[in-house]
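Below you'll find the structure, written out as structure tokens, and then a few comments.
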Amino acid sequence: MRLPSARERRAAWQVARTELRSLMRDKRAIFSAFVLPIVLYPFLFLGQEQLESLSKEGLAEREVTVYFADDAAPDDFGPRLRDALEERAPIVVLDADRESLARIDEQVHLGTDESAVRERELFEDSMGSDAQLLIHTLPHTDVPGRALVRVHYDGADDLTGEALRRLREAVDELDAAAREQRIATLLGPDPAAGLALESRDLASDAERSGMTLGRFLPLLAVIVLLSGGATAALAAFAGEREAGTLETLLVQPVRAEVFVWGKFTAVLIVSLVTLVCNVASVFGSVAFGLGELPGSDGAGGFGADPVALLLSAVVFLPAVLMLCATLCWISGRAKSFREGQHLLLPLMLVALAPTALSTQRDLVLEPGVAWIPMAGQALSFRDALTGSLRFGPAMIAFVTGCVWAALALARLGRAFDAERLFGSPDAEREAAARRLQSRRALAWGWGGALVVFLANGLVAGWDPLRGAAVVLWTVLPLAAWRSARATARRGGSSVVDVLGLRAPAPHHALGALILAPTLGHLSMWLLRVQSEVLPLPGGSAQAEALAQQFAALGLPLLLFLTAFTPAVCEEVFFRGALLGGLRRDLSRRASLGWQALIFGVAHASIYRLLPTMWIGLVLGAIRLRTASLWPCVLLHLAYNAWVLTSGSERPAWLDASWLGWVGLWGAVLLALPARPRQDYGARHLPPE
């Protein structure tokens with residue numbers, strides 16, 4: 001996209017002014033974007049404060065009823081606890097029924113799932129509907145001379161929460177008094193008093209406020225930009241196209257990109273003004289004491305340094321440009337205002353997900369995360385407010401944000417052409433028919449991945465490994481056959497051709513096997529790189545249980561469940577039916593990208609997304625290169641086995657670094673041509 005001339009810049013500015021005047025005449029748009037935020041936030045703060053105050057006061061003033069029983073707790077703890085409870089009026093303390101309490105205690109000691117259900121039934125029968133707590137004081141079973149307070153309650157009730165709060169206050173008061181008395185009796189003055197911790201926070205008010213504001217403001221900015229800019233973008237693109245007034249612009253002797261720049265400028269101005277109005281209203285509400293917000297210094301203002309606020313606005317500017325460009329691009333592809341609204345709805349989730357990374361305290365802005373759209377800019381915003389912004393990563397985030405915005409704007413300029421916008425309905429239906437098979441294949445792909453995810457969740461409690469294998473053997477082959485049959489029927493080929501079940505060339509099969517260790521080493525390296533940005537979580541009880549299950553199974557059964565089963569079932573579905581359907585009317589790059597993305601998402605782990613997508617790309621490329629599914633199955637099987645037998649299960653030479661270079665011979669074998677064979681549905685393939 002070449003730079004505009006002086007004449008084109010004047011034309012673009014004229015378009016921007018026209019769009020702004022049109023928006024200024026829309027009273028509803030002005031009210032929702034500019035007037036409503038100024039009025040809304042003060043009422044929200046006032047209403048929130050009053051509701052919280054009324055809620056707390058209302059619960060504190062309400063009478064609660066508790067049933068109490070004391071079974072010889074030491075040091076007269078039971079009577080003293082009862083007296084402390086009665087001081088927290090309004091409260092009614094009644095004597096618990098001993099027989100009902102004995103039956104409940106019996107179920108507590110059993111400790112089974114059935115006893116827990118029975119315990120709840122006995123509790124409800126003994127308490128009725130007018131009481132909140134059942135309190136039982138008794139001697140501690142493990143610590144002699146100590147008392148144990150056992151309380152039964154229903155945590156789903158707000159009034160029960162208030163009763164539980166009063167009980168905790170009473171217990172804490174008695175516990176503190178008993179502790180001081182015991183220390184004084186046994187040791188005299190507390191010998192640990194000289195070791196008291198004295199902490200001094202050396203961070204300034206601006207740094208503390210900046211940290212909190214940096215986690216809050218990026219999310220608010222994205223929400224406001226999307227809500228305010230969406231109105232302007234839809235009116236400038238989708239609304240004008242629906243009204244039929246776009247032709248008068250495109251017949252002018254000016255490039256279509258000029259009109260895009262003008263409309264984009266108008267959307268950007270409206271978005272920025274909307275953002276300023278919202279932020280000013282929020283800050284003003286706190287400054288006038290209407291409420292409190294994270295980041296406020298508690299004295300009628302914000303502790304953040306104004307210079308830091310200005311710097312944060314500068315580093316976040318690429319995110320603003322990127323959001324506005326994306327809004328214009330999506331609105332420009334819509335044929336009507338309503339269709340544009342539907343298309344913009346998912347953008348909110350897509351934009352908020354990376355922006356939310358700024359809320360993570362332990363996530364540092366590194367070069368590896370700086371290039372991620374929205375994430376790099378949000379983290380730069382946070383670091384600028386705290387005074388910890390580093391020049392290198394911040395510059396990477398700024399430049400890449402500008403590049404992403406330019407790409408979105410350039411894409412909009414290329415799509416804003418008269419042939420696409422004013423094509424006949426027959427041409428549009430023909431184009432939609434050409435994309436029918438890829439849409440059906442994508443639907444099958446996402447649907448199959450979702451079903452596998454849900455089914456694995458259902459069988460996880462039974463047996464994770466065997467359950468997952470059953471799901472793979474039942475869901476994926478059936479979905480692959482149904483999808484491939486539909487693709488073959490529309491393309492005039494066979495299911496065998498769509499799935500790629502023809503026998504491969506021998507050197508292709510050998511090359512796939514040789515490539516497995518190299519693919520494993522590269523995947524492990526990619527996982528380590530990703531861990532710098534998104535560290536893997538620590539061990540959990542579920543992971544330990546799964547490791548124990550791995551150890552309990554024999555190696556042959558383990559290889560069948562975790563290596564052979566995924567290799568066959570996943571390849572038949574993803575590289576067979578899905579890639580076969582996508583390749584009917586999508587380019588090679590688009591087909592590989594979609595199937596790799598769905599393959600990565602289907603594994604339902606953000607920590608494995610990039611390595612899994614990388615493996616999906618390699619397997620998809622081999623599928624298209626060899627015109628056969630079997631090299632992909634062999635490589636998938638060998639890779640899974642290589643990963644599964646890591647450690648002491650295999651010879652040490654398999655982990656040698658030089659083994660990764662042997663895979664180059666596998667790549668050479670895969671690059672060699674096979675015997676001449678017409679690729680599946682080759683006559684239907686789109687150009688590269």
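The values are calculated or read from the model by the stated rules, or taken from the named source; none is laboratory data. None of these values were measured; they are calculated from a predicted model. All Cβ positions, even for glycine, are placed from backbone atoms using ideal geometry, and neighbour counts span all protein chains on display.
Numerical summary
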| read-out | value |
| --- | --- |
| Tally of residues being among the aromatic types (Phe, Trp, Tyr) and out of contact with any Ser or Thr (no Cβ under 8 Å at 6 or more places or on another chain) across segment 354-400 | 1 |
| Residue satisfying all of: in segment 329-372; of a type in the set (S, T, N, Q) and outside any loop (DSSP other than H, G, I, E, B); farthest from residue 396 (Cα to Cα) among these | 341 |
| Among the candidates 557, 553, 579, residue that is surrounded by 15 or more Cβ atoms within 10 Å (Cβ to Cβ) and at pLDDT 75 or above | 579 |
| Set 186, 167: member being assigned to a helix (DSSP H, G or I) and either at pLDDT 80 or above or under 30 Å from residue 357 (Cα atoms) (or both) | 167 |
| Selection status of residue 151, at pLDDT below 85 and among the aliphatic types (A, V, I, L, M) | no |
| Residue within segment 631-645 that is assigned to a helix (DSSP H, G or I) and modelled with pLDDT under 80 present | yes |
| From 103, 98, 80, residue being basic (Lys, Arg) and in contact with a strand residue (DSSP E or B) (Cβ under 9 Å, 6 or more places away or on another chain) | 98 |
| Where residue 482 falls short, out of the listed (1) in contact (Cβ under 8 Å) with a residue 12 or more places away in the chain; (2) buried (at least 16 other Cβ atoms within 10 Å of the Cβ); (3) within 29 Å of residue 450 (Cβ to Cβ) | (2) |
| Residue 350 being modelled with pLDDT of 80 or more and under 25 Å from residue 383 (Cβ atoms) | no |
| Filter result for residue 22 (at pLDDT 65 or above, over 34 Å from the mean Cα position of the chain (by Cα) and farther than 30 Å from residue 328 by Cα) | no |
| Only one of 180, 121 that is under 43 Å from the mean Cα position of the chain (by Cα) and either at pLDDT below 80 or at negative phi (or both) | 121 |
| Subset tally (residues that are more than 23 Å from residue 68 (Cβ to Cβ) and assigned to a helix (DSSP H, G or I)) for segment 102-115 | 4 |
| Enumeration of residues in segment 593-648 that are of a type in the set (Lys, Arg) and farther than 18 Å from residue 562 by Cα | 623, 625 |
| Set 80, 88, 150: member being in contact (Cβ under 8 Å) with a residue 12 or more places away in the chain and in a helix (DSSP H, G or I) | 80 |
| Residues satisfying the stated conditions in segment 274-314, i.e. of a type in the set (Val, Ile, Thr), at pLDDT 75 or above and more than 12 Å from residue 217 (Cβ to Cβ) | 274, 276, 307, 314 |
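Listed here are the residues, each with its yes/no results for (1) more than 22 Å from residue 264 (Cα to Cα); (2) among the small types (Gly, Ala, Ser); (3) out of contact with any helix residue (DSSP H, G or I) (no Cβ under 8 Å at 6 or more places or on another chain); (4) modelled with pLDDT of 65 or more.
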| residue | (1), (2), (3), (4) |
| --- | --- |
| 196 | yes, yes, yes, no |
| 201 | yes, no, no, no |
| 210 | yes, yes, no, yes |
| 213 | yes, no, no, yes |
| 224 | no, no, no, yes |
| 227 | no, yes, no, yes |
| 230 | no, yes, no, yes |
| 233 | no, yes, no, yes |
